[in-house]
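**Student:** Please see the structure below; I have some questions.
Values in this text are rule-based calculations from the coordinates and carry no lab data. Because the structure is predicted, anything quoted here is derived from the model rather than measured. As a convention, Cβ positions derive from the backbone with ideal geometry for all residues, glycine included, and neighbour counts pool all protein chains shown.
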Amino acid sequence: MGLGKTLSLISLIVHRKNERRQSADVIETWKKKALSDNRLIPSTATLVIAPASLIFQWQAEIERHVKLGRLSVLVFHGRKQKREDDPKRLARYDVVITTYNVLASELGEKPFVLGASSSDSDSDGDSDGRVKPKVVQKRRIAKDSGSVLARVAWDRIILDEAHHIKNKTSLAAKACCRLAASNRWCLTGTPIHNKLWDLFSLIK
């Protein structure tokens, strides 16, 4: 909407990096907090989650407004490459950018098929040739399910166009709530579309 939300948050990232250079105890405090859960890698990185159409705009805005080499940036497309499956590597970047779809695929609920048990009277291979229909259920993937994004204790998470998680039952909304972070920002020009409940996921 042209309100300068992206530039404002980029400025905040740079400012906070300067503050951390001047105050090492800020890092130590967050490290202790993260290490209380030994599954998490402490980090001063910012995770930006945005629609697919905007991830490269974030990268371009950082390159445009920030001095070259000032911030290290990674666009995360999922664990397609082995090097993107290392939480310690992600934690070393200043900014990691990914999409709601990638996050949902790694941390959302996925369907799985329950086959018939051998004791079922109408199990596969019945004498009358009928095959018992398989039951599709949903399984919640735990925080420690192996998703590299969930294994980092982020300093800051930014949801761009945050109204994408207005449906609290969506995979993206559930996935966002499962991430660990010290600070969370929701950027949107339309926090409420139809009803007040659209705000629930944003302030949960």
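**Student:** Restricting attention to the range 157-182, which residues are more than 24 Å from Ile13 (Cα to Cα), among the polar types (S, T, N, Q) and in contact with a helix residue (DSSP H, G or I) (Cβ under 7 Å, 6 or more places away or on another chain)?
**Tutor:** Asn167
**Student:** Here is a check on your reading of the model: is Ser170 of a type in the set (S, T, N, Q), under 17 Å from the mean Cα position of the chain (by Cα), under 17 Å from Val96 (Cα atoms) and surrounded by 14 or more Cβ atoms within 10 Å (Cβ to Cβ)?
**Tutor:** no
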